[in-house]
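**Q** This structure is in structure tokens; I'll ask about it shortly.
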Amino acid sequence: MDQKIQMLLATVKKLIRRSALPNLANLLKKTHPADIAHLFRYLDINEQRTLFHLIDDSDVAAEVLSEIEHSSSAQLLAQIDKDTIVEVLQAMPYDDSVDIIQNMPEELAEEILSSMHDDESEEIEQLMLYREDSAGGIMSTEFFCLNQDLSVQQAIAALQEAEDAEMVFYVYVVDDERHLIGVLSLRQLLTVPPQRLLRDIVDTEGLISVRVDTDQEEVAQLVAKYNILAIPVVDDQNHLLGIVTVDDVIDVMRQEATEDFYKMAGASEEELLYGFKSFKIARLRLPWLITNLFGGVITGYLMWLFRMTLEQIIALVSFVPVITGMGGNVGGQSATIVVRGFATGRIDFSTLRKVFFKELRVGIIMGLVCGLVVGLVAVLWHGNIYLGLVVAVAMATAMTVAATTGVLAPTFFKRIGVDPAIASSPFVQTANDITGILIYFSTATLFLDKLSS
């Protein structure tokens, strides 16, 4: 939290505590909606309700709610009267209204939709048919487009009269049936003769669009790749349905990155929504911990199988945590890089071979360096050069295998349609523990005569 928000939050809490509501209302009028929305993260539901009721402009209230997590917005709106909910939601862009309504209890959502104007409720219900994480689910349907038969002069006049439509630095051109024909920049409109028709100057080759069912992550990748401020959304017949703007893409990237990090930690963003209730949080985390638990049991069983080796050379126990720990670290690093690469589009199946061999080389280099270091420690500690050799070889091999496992595991899960972010971390950790133990004790067994002499 930056210093400005800290000071604002302290002032707001003090005014609420003193019930100085007129002063608080005046303060809110001078505060940017994005800053008001930021405050809501640090207020309880009663304080949020008090603050929200003091916002007397429905447009400002709508902008504040648009900046808050949709689940939190829905929870807040459920605490206030229905007429206010309808008024605020109608002042919002349709895509934001949809996200909030979808997070409301079903009965309340139906009441709200039935209370809205017919045209607005129909628009919202249509958007609710699309998957929440698809281009249709995040697109804005309040956008500006022009018919290809208009002249440049008519197009500029239409732009000047546009009010509520989502405006970017592009104009989308359609035909009479609303098929997407191409795109024009505002600069092009201002630099060509006014009598020319849009069909003659529209860019059809450089047009980038997405289907309505395209995953939001892919939409974000396209916007980032081509450095565009918006991307049009079309249906199967190429009818223009809406646009996804860069501010929506930023939200998607933040949401996807947050989800990935939660999943890789074996946790969930739902934990925040449950108000940190212990049993529910434990239920969310346990499946991934159970996976590691079984991996630990298998590792223990492998050590039991090699008990004869351990009984003869008890010094081997000293380096079990090092072998498994370093393997897990290296595998986790490689897995994180690959998962993130898949998420951002920097890695796909066509580039996977290159990534695999790069991580293999990295694993070999790190394995050799760490192997030499820990081998030297083993010789100095236990005075046995063969123990140092066993530890060094096992470390180098285990780290190399771990690096490749970190690439192969996310790739496998991606291929079979399982989210690699949620499945890779426990699998890689468990697999590297098992392979590390196998490599270590197999190497020790091969050199058993030398180690015991």
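**Q** Are there any pairs, at least 6 apart or on different chains, whose C-beta atoms fall under 8 Å, with the first in region 397-408 and within 10 Å of G332 (Cβ to Cβ) and the second aromatic (F, W, Y) and in a helix (DSSP H, G or I), and if so, which?
**A** Within 8 Å, no pair qualifies.
**Q** Quick one: in region 409-429, which of the residues that are β-branched (V, I, T) and part of a helix (DSSP H, G or I) is farthest from L352 (Cα to Cα)?
**A** Residue satisfying both the conditions and the ranking: I422.
**Q** Right, another one. Whether any residue in region 49-65 is open to solvent by 70 Å² or more (accessible area, probe 1.4 Å), in a loop (DSSP other than H, G, I, E, B) and free of Cβ contacts under 8 Å to residues at least 12 places away in the same chain is what I want to check.
**A** no
**Q** A further question on this structure: Looking at region 332-342, which of its residues are at pLDDT below 85 and either open to solvent by 90 Å² or more (accessible area, probe 1.4 Å) or outside any helix (DSSP H, G or I) (or both)?
**A** R340
**Q** How about region 79-95: which of its residues are outside any helix (DSSP H, G or I) and either surrounded by 15 or more Cβ atoms within 10 Å (Cβ to Cβ) or touching a residue at least 12 places away in the same chain (Cβ under 8 Å) (or both)?
**A** Q79, I80, A91, M92, P93
**Q** Every residue in region 369-408 that is of a type in the set (S, T, N, Q) and not in a helix (DSSP H, G or I), please.
**A** Listed by number, the list holds a single entry, N384.
**Q** Considering only residues of region 206-222 that are over 15 Å from the mean Cα position of the chain (by Cα) and of a type in the set (D, E, K, R), which is most open to solvent (accessible area, probe 1.4 Å)?
**A** This residue is R211.
Residue-wise test of (1) of a type in the set (S, T, Y); (2) surrounded by fewer than 16 Cβ atoms within 10 Å (Cβ to Cβ); (3) at pLDDT below 85; (4) at positive phi.
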site	(1), (2), (3), (4)
P194	no, yes, no, no
A224	no, yes, yes, no
P232	no, no, no, no
Q237	no, yes, no, no
E256	no, no, yes, no
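**Q** Which of the residues that make up region 2-31 are open to solvent by 100 Å² or more (accessible area, probe 1.4 Å) and in a loop (DSSP other than H, G, I, E, B)?
**A** R18, K30
**Q** Search region 413-453 for residues being under 19 Å from the mean Cα position of the chain (by Cα) and farther than 22 Å from V330 by Cα, and hand back the single one that is modelled with the lowest pLDDT.
**A** Only one residue fits best here, namely V418.
**Q** Looking only at region 96-120, which residues are touching a Leu at 6+ places or on another chain (Cβ under 9 Å), more than 23 Å from T214 (Cβ to Cβ) and either in a loop (DSSP other than H, G, I, E, B) or open to solvent by 10 Å² or more (accessible area, probe 1.4 Å) (or both)?
**A** M104, L108, M116, E120
**Q** If you don't mind, another one. When you scan region 345-352, do you find a residue that is among the small types (G, A, S) and at pLDDT below 85, even just one?
**A** Scanning region 345-352, I find at least one residue that is among the small types (G, A, S) and at pLDDT below 85, so the answer is yes.
**Q** While we're here: List pairs: first in region 125-136 and more than 17 Å from P232 (Cα to Cα) and open to solvent by 90 Å² or more (accessible area, probe 1.4 Å), second basic (K, R) and assigned to a helix (DSSP H, G or I), Cβ under 7 Å, 6+ apart or cross-chain?
**A** none
**Q** I'm checking my understanding of the structure. Among residues of region 36-48 that are open to solvent by less than 30 Å² (accessible area, probe 1.4 Å) and under 26 Å from the mean Cα position of the chain (by Cα), which one is nearest to M7 (Cα to Cα)?
**A** L39
**Q** Can you name the residue in region 316-331 that is touching a Phe, Trp or Tyr at 6+ places or on another chain (Cβ under 8 Å) and either open to solvent by 10 Å² or more (accessible area, probe 1.4 Å) or aromatic (F, W, Y) (or both) and, of all such residues, is nearest to Q429 (Cα to Cα)?
**A** It comes out as V320.
**Q** Is it the case, given these coordinates, that L438 is open to solvent by 20 Å² or more (accessible area, probe 1.4 Å), out of contact with any Ser or Thr (no Cβ under 8 Å at 6 or more places or on another chain), free of Cβ contacts under 8 Å to residues at least 60 places away in the same chain and hydrophobic (A, V, I, L, M, F, W, C)?
**A** The answer is no for L438.
**Q** Give, as residue ranges, the helices (runs of 4 or more DSSP H) completely inside region 137-243 that count at least 3 residues that are more than 24 Å from D96 (Cα to Cα).
**A** 152-161, 186-190, 198-201
**Q** For region 172-192, how many residues are surrounded by 13 or more Cβ atoms within 10 Å (Cβ to Cβ) and either in contact with a His (Cβ under 8 Å, 6 or more places away or on another chain) or closer than 20 Å to V223 by Cα (or both)?
**A** Within region 172-192, residues that are surrounded by 13 or more Cβ atoms within 10 Å (Cβ to Cβ) and either in contact with a His (Cβ under 8 Å, 6 or more places away or on another chain) or closer than 20 Å to V223 by Cα (or both) number 11.
**Q** Hey, could you check region 343-379 for residues that are among the charged types (D, E, K, R) and open to solvent by 50 Å² or more (accessible area, probe 1.4 Å) and say which is nearest to the chain's Cα centre (by Cα)?
**A** Within region 343-379, the match that is nearest to the chain's Cα centre (by Cα) is R346.
The values are calculated or read from the model by the stated rules, or taken from the named source; none is laboratory data. Everything quoted here is computed from the prediction, not taken from an experiment. Using ideal geometry, Cβ is built from the backbone for each residue, glycine included, and neighbour counts are taken over all protein chains shown. Heads up: the accessible areas ignore ligands, DNA and RNA and are worked out on the full protein's heavy atoms, side chains in. Shrake-Rupley method; radii C 1.70, N 1.55, O 1.52, S 1.80 Å.
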